[in-house]
Every structure is written in C-alpha cells, then in structure tokens.
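Visitor: The structure under discussion is supplied below as structure tokens; questions concerning it will follow.
The values are calculated or read from the model by the stated rules, or taken from the named source; none is laboratory data. The model shown is predicted, which means the values in this text are computed figures rather than measured ones. Neighbour counts run over all protein chains shown; Cβ positions are idealised from the backbone, glycine included.
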Protein chains: 2
Amino acid sequence: MTAPPVLDLTADAVTLTRHLVDIESVSRNEQEIADLVEAALRALPHLAVVRRGHTVVARTSLGRPSRVVLAGHLDTVPVNDNLPSRLEDGVLHGLGTCDMKGGDAVILRLAATVTEPVHDITFVLYEAEEIESEFNGLRLLSESDPDLLTADFAVLMEPSNAVVEAGCQGTLRVDVRTRGERAHSARSWRGVNAIHAAADVLNRLRQYDARKPVIDGLEYHEGLSAVGISGGVAGNVIPDECVVTVNYRFAPDRSEAEALAFVTDFFAPYDLTVTDSAPGALPGLDRPAAKAFVDAVGGPDGKVNPKFGWTDVARFTTLGVPAVNFGPGDPMLAHKQEEHVPVAQIESCERELRAWLQGEETQQ
Amino acid sequence: MTAPPVLDLTADAVTLTRHLVDIESVSRNEQEIADLVEAALRALPHLAVVRRGHTVVARTSLGRPSRVVLAGHLDTVPVNDNLPSRLEDGVLHGLGTCDMKGGDAVILRLAATVTEPVHDITFVLYEAEEIESEFNGLRLLSESDPDLLTADFAVLMEPSNAVVEAGCQGTLRVDVRTRGERAHSARSWRGVNAIHAAADVLNRLRQYDARKPVIDGLEYHEGLSAVGISGGVAGNVIPDECVVTVNYRFAPDRSEAEALAFVTDFFAPYDLTVTDSAPGALPGLDRPAAKAFVDAVGGPDGKVNPKFGWTDVARFTTLGVPAVNFGPGDPMLAHKQEEHVPVAQIESCERELRAWLQGEETQQ
C-alpha cells in the first residue's frame with residue numbers, strides 16, 4: 001500500500017492510522033510525515049499552525065476559559081521487517097501502529113472535525129521522541145516557544161490500552177563501582193577480587209523491597225534493577241574493578257534529588273556515578289481539569305491506572321501543566337516487532353475525546 | 001647498545017644476557033635471535049644441531065646412561081619502552097631480562113663450555129611461548145620430533161628466583177551463565193533479572209575455601225576466581241543473561257577431568273562452558289633424576305618451592321619427562337614493564353647447573 005501524497009483527514013481514524021504507518025518516519029527521518037501533517041492542518045481554517053523543525057503545532061483561538069493540549073510524537077523506532085501495515089480481524093499490525101500513530105490519527109481527526117470545542121485546543125505532533133532527549137521535539141518546543149504549550153491540561157496519546165494512565169515514574173541510572181587489587185590468577189590470594197566484591201551489591205539488589213506508594217488513589221510500583229554489569233582485565237588476572245549499572249524507577253512522590261539520596265544510601269559506601277536522571281510526574285488528579293477529564297472519558301467509575309514507565313508527561317508537569325497518558329495500544333507492545341493496535345481502541349479513544357472536547361456525556 | 005652480528009659464547013653469562021635482550025624478539029619475530037643462536041651452536045663441534053621453525057635444538061651424544069634437557073624460550077611479550085638493557089648496581093633491567101633471556105644465556109654458556117657432562121644434554125631454545133599455544137615451539141617440537149625431547153629429566157629455565165620450583169598447577173577457565181527473562185525496567189517485576197541471579201555465583205566464589213594439598217612435601221595453593229563478568233541488554237531492560245568467567249587454578253594431584261568435575265559440581269545447576277583447559281604437572285620429586293637434581297643444586301637441605309602458575313613444565317610431564325622450573329629472576333616481575341634480574345642469580349644458576357652437569361658437589 002503506497003501512502004497517498006496528501007493526508008485525507010476526512011477518512012476514518014483507522015484508515016488515517018494506516019496512512020501514517022505507511023509513511024516510514026524513523027527518528028531523524030520525519031521530514032515527509034511532518035510535511036504532510038503540516039499541509040493537512042494548514043488546510044483547516046479554524047486552526048493556526050506553527051512549525052518548528054519537524055514538529056507541528058495547530059491551535060484554536062476561540063477565547064474559551066480553558067485550553068487543553070493533545071500531543072503525540074511522529075517518529076518510530078527503527079524498521080524491523082514490520083512495514084507496511086496490515087489489517088486483520090479488527091487488529092492493525094505494523095511499525096508505529098501501537099507507538100503511536102493510532103494516537104496521532106485520533107489527534108488529526110479531532111483537529112479536522114471538532115471545530116466548536118468547549119476548551120481551546122493545542123494539537124502538537126512532534127519529532128524525535130524515541131531517541132536521545134537532546135533531539136526531542138517537545139523538549140525543543142518547550143525551550144523555543146514555551147507559550148505554545150501553555151494550557152490547563154494535557155493529554156499525551158502514548159499507548160495506554162485506551163485507559164487513562166496518570167503521572168509517570170522517574171528514572172535514575174547509576175554506575176556502582178567496586179574496587180580491588182590486581183594479581184595473577186595463579187596467586188589469587190595476593191590480590192583483591194573486585195568482581196567477588198560485587199556480590200555485596202547484587203545481594204542488596206536481591207533484598208530490595210519495592211516501595212508502592214499510593215498517590216491520588218493510584219498505586220505506583222518502584223523498581224531497583226541491575227541493567228548491566230562489567231568487569232575483568234584478562235583471563236589470568238584478578239580484576240581490580242567491577243561496575244554494576246543500576247536503574248531506579250521511582251514513584252512521582254520522590255524528586256530526582258530524593259531518588260539519588262535513596263540510591264546513594266542504599267549502596268553506601270560504594271562509589272556511585274549518575275549517568276541518567278529524569279523526574280517523575282505526579283498524577284495531579286486532584287486538579288479540576290484532570291478530574292473533569294477522568295470523569296468524562298472514564299465515566300463516573302472511570303478506571304485510572306498509574307503510569308510506571310517514563311513518558312513526556314513529565315515534561316508537561318515540569319511546565320506546570322497537569323497531564324495524563326491516554327491512547328490506543330498496549331504499552332507492552334511498544335518497540336516490539338509484532339506491535340499492533342485493536343481498531344476498537346482507536347475508535348473508543350476518538351469517541352471519548354470527542355465527547356469530552358464537545359462537552360458531551362460519553363456513552364459507555 | 002647494538003647487538004653484535006654474532007653471539008659470543010665465550011663472554012660471561014651476564015654479557016650474553018645483555019646481547020640476547022638487545023635483540024628484540026617479541027613473539028612471532030624470533031627469526032633474528034634464532035639465526036644467531038643456531039649459528040653459535042653450530043660452531044660447537046661437540047653438539048648436533050637441529051632447527052625447526054625458530055626453535056633450535058642442540059644435543060651431545062656421549063653415550064651417557066642418562067639424558068637431561070635444559071630448555072628456554074627465546075620470545076618476549078611486547079616491547080613496553082623497556083629496551084635496550086641497562087645494568088645498574090648488580091641488576092640488569094629491560095624486556096626479557098627476567099622472562100627469560102637470563103636463563104637462555106645460562107643455557108648457551110653451558111652448551112659452549114660443558115663438553116664432558118655426566119649426563120647427555122639436550123639444549124632447547126624455542127619460539128612463541130608467550131602467545132597462543134598453537135604457536136608454541138616446544139609444543140610443535142613435541143609433535144614433529146618427539147624423540148628430540150626424550151630424556152630422564154628436564155630443567156625449564158623460567159624465572160624462579162634461582163630456586164627449584166617443582167611441578168605446576170593446572171588451569172581451567174569456564175563461563176558460568178545465569179538466565180532470566182527480559183522485561184522493561186519500569187515494570188521490573190514482570191521479568192527475572194539474570195544479573196541479580198549471578199549474586200548466587202559470586203557468593204559461592206566468596207565462600208570458596210582453597211585446597212592446599214601437600215605433594216612430595218610441597219604445599220600447593222589452588223584458586224577459584226572470577227576473572228570477568230558481563231551482562232545487560234540496554235539501560236531500560238531487565239537482562240535475561242549474565243556470564244561470569246571463572247578461572248580455576250588446580251593443584252597437580254587433580255586431572256583436567258577432575259578439575260572440571262569439581263567446578264561443575266561447585267556451580268551446579270548453572271550452565272557451564274569450558275573455554276580453556278591445561279593440565280598441571282606433578283612435582284615428581286620421588287623420581288631419582290629429579291631427586292638427584294634437587295640434591296645437587298640445593299644441597300642436602302636444598303629449598304624447593306611449588307610452582308603455582310602454569311608453565312611448559314606441564315608439556316614435559318605429558319611426555320613422561322619429570323621436569324622442574326629453575327631459573328634466574330623473580331616470576332612476579334615477568335611481563336612487567338620494570339622487569340629485571342639480579343646478576344648474582346644468573347651467576348648462581350650457571351654455577352649450580354654446571355656443577356650438577358659435571359657431577360661435582362656445589363659450593364653453597
């Protein structure tokens with residue numbers, strides 16, 4: 001299936017998802033898809049469009065008392081023999097179907113068809129979410145044009161099985177280092193084995209008892225895991241250094257500084273080097289805009305889950321904008337070769353968001 | 001100091017050691033030194049010389065009731081800003097002074113000057129001891145011309161502080177593998193962390209209690225050491241595999257098969273892959289030829305130490321030839337940039353071997 005030269009926003013969201021999937025847009029190769037998205041949005045008279053790099057922003061300016069953001073990234077992880085898209089038994093298969101062109105299609109459909117929303121809306125379709133943070137389109141936009149992201153609430157359409165996932169956990173990565181003294185392995189007692197010493201680090205990890213704090217009614221679940229280990233000089237040498245790379249996923253009631261203090265204390269007295277750190281995001285469900293959203297999309301007994309992974313929701317939180325994840329697709333399938341999305345989830349996300357934006361009660 | 005075009009075997013052993021050291025002969029670059037050694041030995045009418053590759057063998061054929069081997073390798077580890085040789089305060093410094101051109105010089109001096117020995121003598125100066133076993137000149141000779149190595153006793157002149165070191169320990173290297181299940185590190189409880197599982201392997205290593213068997217009156221000292229560890233898929237993935245590389249140095253009362261059985265049992269039920277194995281060598285001090293040698297070079301209360309590291313002594317043992325290490329230089333300095341040898345040790349080795357070969361009592 002060849003992608004058409006223009007995006008047809010009058011097509012249904014599933015057809016539109018297929019169009020987007022069939023435009024290959026691996027990170028750093030988003031020019032074509034961004035061009036098509038920009039052209040399609042510029043054709044809509046009720047929206048003002050701004051482009052920065054391969055990030056496209058489209059906004060209503062209806063003077064509503066509140067403004068909301070709907071955001072999705074346009075890039076995908078590398079192609080893995082999973083293009084073009086394939087629709088089978090109500091499930092759409094292919095690279096980006098789950099992460100996250102189904103969500104992007106919903107955004108574009110709503111941009112084209114919700115012309116009289118109860119909130120002003122900012123639609124953001126951005127580049128380079130799947131790679132190093134320095135290229136992230138949302139981050140760049142928050143620095144170049146922070147006013148474009150000003151809002152009372154944001155919905156990030158990352159896959160969440162079409163259920164609201166609130167907040168996100170932070171992530172901290174550290175190298176924990178044990179030291180010893182080299183010696184020839186034929187006279188091992190003359191040295192101090194740094195790999196043997198790492199047993200203490202691993203024993204502590206095995207005994208770690210995960211915090212599961214409840215925040216705004218949601219139970220988070222922390223994790224402290226070795227994600228790498230390396231040591232060794234040569235096959236006949238007692239090694240003088242071993243490095244355990246540890247990833248701490250921390251609930252959003254802890255700051256980055258508190259997370260680092262915990263890990264430092266946990267591994268004391270070992271040397272510790274921070275290699276990566278990103279804050280979590282509180283669910284913020286006590287805020288009126290968030291509460292209204294949850295009531296609208298989930299109904300009065302609407303289900304809300306905590307978000308365990310880190311997402312760009314944290315960037316909105318840093319900007320002071322409460323935000324949630326809400327999009328079609330199973331987050332466990334993201335980055336998998338076999339990623340796919342149920343058509344029904346694309347449709348329900350579109351229906352519920354449309355009702356919310358138009359101030360209607362949703363039909364469960 | 002430039003090496004002369006011919007080796008002068010009338011010079012003293014220290015001068016000869018300097019000549020040999022100043023001929024750079026890093027493994028696989030032994031042509032020049034082997035040519036000079038061959039030419040010098042061929043000039044001696046009482047010896048029959050054979051060359052194989054860059055290995056030179058010279059033998060007496062006096063019809064003596066017994067035959068002994070004196071052996072040394074001609075190659076060195078790579079140059080490390082430690083050439084040419086330098087003589088200071090009775091200590092000779094430079095690449096190969098310790099490992100083992102001091103020993104080679106003693107061999108050449110004895111070859112030139114001991115014309116009426118009480119044992120027939122086979123002098124072996126061989127290539128490529130410092131690199132992969134496939135290139136080892138002694139190994140190649142044992143395959144191409146095993147009769148050239150037939151003897152009642154062998155002295156390998158590896159550095160041993162001019163004290164007899166008997167036998168050698170074997171070495172076995174295995175990869176011990178723990179397995180788990182991958183998961184995203186934000187949901188670590190959905191996976192099984194193979195690096196955490198390696199704690200059990202390291203804990204066993206920490207609790208290892210070294211065997212120290214006494215064989216022929218010598219106390220050996222085994223070692224079981226992690227010499228490498230690796231694991232990890234990505235910074236956000238619970239790893240499904242971790243590999244601990246373990247080196248077992250085993251006393252010569254254990255065969256390679258027994259060593260492997262011990263390690264397999266020690267780490268059961270983990271997967272185990274053998275990556276290297278070499279047998280030890282029993283000291284064989286109960287054999288008459290070995291006993292006579294120890295009595296001669298060490299006197300009636302002569303000191304003999306066990307050899308902890310692996311040396312080519314094990315090859316002689318495999319050929320059925322009892323063998324010991326006995327050479328000038330501290331084995332702890334081998335392969336070190338600052339390697340050196342006391343002149344007095346070169347001299348005492350030559351003196352004691354000469355007395356033994358000539359059937360004299362040594363003067364302690």
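Visitor: Can we say A:ALA105 is away from chain B (no Cβ under 14 Å) and under 22 Å from A:GLU38 (Cα atoms)?
Guide: yes
Visitor: Residues to consider are B:VAL57, B:VAL50; find the one that is in contact with a strand residue (DSSP E or B) (Cβ under 8 Å, 6 or more places away or on another chain) and closer than 22 Å to B:GLU158 by Cβ.
Guide: Testing whether each residue is in contact with a strand residue (DSSP E or B) (Cβ under 8 Å, 6 or more places away or on another chain) and closer than 22 Å to B:GLU158 by Cβ leaves just B:VAL57.
Visitor: Further, regarding this structure: Can you tell me which condition A:MET100 does not meet? The list is (1) more than 26 Å from A:LEU319 (Cα to Cα); (2) touching a residue at least 60 places away in the same chain (Cβ under 8 Å), and all the others hold.
Guide: Going through (1) more than 26 Å from A:LEU319 (Cα to Cα); (2) touching a residue at least 60 places away in the same chain (Cβ under 8 Å) one by one, A:MET100 breaks only (1).
Visitor: Taking the range B:282-318 on its own, how many of its residues are surrounded by fewer than 18 Cβ atoms within 10 Å (Cβ to Cβ) and part of a loop (DSSP other than H, G, I, E, B)?
Guide: 7
Visitor: Next up: Within the range A:244-295, take every residue that is within 14 Å of chain B (Cβ to nearest Cβ) and of a type in the set (Ser, Thr, Tyr) and give me the one that is nearest to the chain's Cα centre (by Cα).
Guide: A:SER277
Visitor: Going residue by residue through the range B:196-210, is there one that turns out to be within 9 Å of another protein chain (Cβ to nearest Cβ), in contact (Cβ under 8 Å) with a residue 60 or more places away in the chain and among the β-branched types (Val, Ile, Thr)?
Guide: Yes, that holds for at least one residue.
Visitor: Do we find that A:GLU350 is part of a loop (DSSP other than H, G, I, E, B) and farther than 30 Å from B:VAL237 by Cα in this structure?
Guide: Here the answer is no, as A:GLU350 does not meet what is asked.
Visitor: Name the residue that is nearest to A:PHE267 (Cα to Cα), counting only residues in the range A:152-174 that are under 11 Å from the mean Cα position of the chain (by Cα) and among the polar types (S, T, N, Q).
Guide: So, considering only residues that are under 11 Å from the mean Cα position of the chain (by Cα) and among the polar types (S, T, N, Q), the one nearest to A:PHE267 (Cα to Cα) is A:GLN169.
Visitor: Among the listed residues B:SER255, B:SER225, identify the single one that is farther than 21 Å from A:PRO239 by Cβ and hydroxyl-bearing (Ser, Thr, Tyr).
Guide: Answer to the selection: B:SER255.
Visitor: Given the conditions (1) assigned to a loop (DSSP other than H, G, I, E, B); (2) under 17 Å from B:ILE121 (Cα atoms); (3) hydrophobic (A, V, I, L, M, F, W, C), and given that B:ILE23 satisfies all but one, which numbered condition is not satisfied?
Guide: Status for B:ILE23: all satisfied but (2).
Visitor: Shifting gears a bit: Scan the range B:329-353 for residues that are modelled with pLDDT of 90 or more and polar (S, T, N, Q) and jot them down.
Guide: Correct list: B:GLN345, B:SER348.
Visitor: Restricting to the range A:67-84, what's the tally of residues that are under 23 Å from A:GLU350 (Cα atoms) and of a type in the set (D, E, K, R)?
Guide: Qualifying residue count, the range A:67-84: 2.
Visitor: Can you spot a residue in the range B:9-25 that is modelled with pLDDT under 95, small (Gly, Ala, Ser) and more than 23 Å from the chain's Cα centre (by Cα)?
Guide: No; the residues of the range B:9-25 include none that is modelled with pLDDT under 95, small (Gly, Ala, Ser) and more than 23 Å from the chain's Cα centre (by Cα).
Visitor: Now for a separate question. With respect to A:ASN161, determine if the residue is of a type in the set (S, T, N, Q) and under 22 Å from A:VAL26 (Cα atoms).
Guide: no
Visitor: Which of the residues belonging to the range A:237-263 are without any contact (Cβ under 8 Å) to a residue 60 or more places away in the chain and touching a strand residue (DSSP E or B) at 6+ places or on another chain (Cβ under 6 Å)?
Guide: A:ILE238, A:PRO239, A:ASP253, listed by residue number.
Visitor: Sort out which residues of the range B:1-20 are part of a loop (DSSP other than H, G, I, E, B) and either without any contact (Cβ under 8 Å) to a residue 40 or more places away in the chain or of a type in the set (Phe, Trp, Tyr) (or both), and write them in order of number.
Guide: B:THR2, B:ALA3, B:PRO4, B:PRO5, B:VAL6, B:ASP8, B:ALA11, listed by residue number.
Visitor: Quick one: which strands (runs of 3 or more DSSP E) sit completely within the range A:127-195 and have at least 1 residues that are away from every other protein chain (no Cβ under 14 Å) and either surrounded by fewer than 22 Cβ atoms within 10 Å (Cβ to Cβ) or free of Cβ contacts under 8 Å to residues at least 60 places away in the same chain (or both)?
Guide: A:170-179
Visitor: Quick one: in the range B:218-243, of everything that is among the β-branched types (Val, Ile, Thr) and at the interface with chain A (Cβ under 7 Å from one of its Cβ atoms), which residue is surrounded by the fewest Cβ atoms within 10 Å (Cβ to Cβ)?
Guide: Filtering the range B:218-243 for residues that are among the β-branched types (Val, Ile, Thr) and at the interface with chain A (Cβ under 7 Å from one of its Cβ atoms), the one surrounded by the fewest Cβ atoms within 10 Å (Cβ to Cβ) comes out as B:VAL237.
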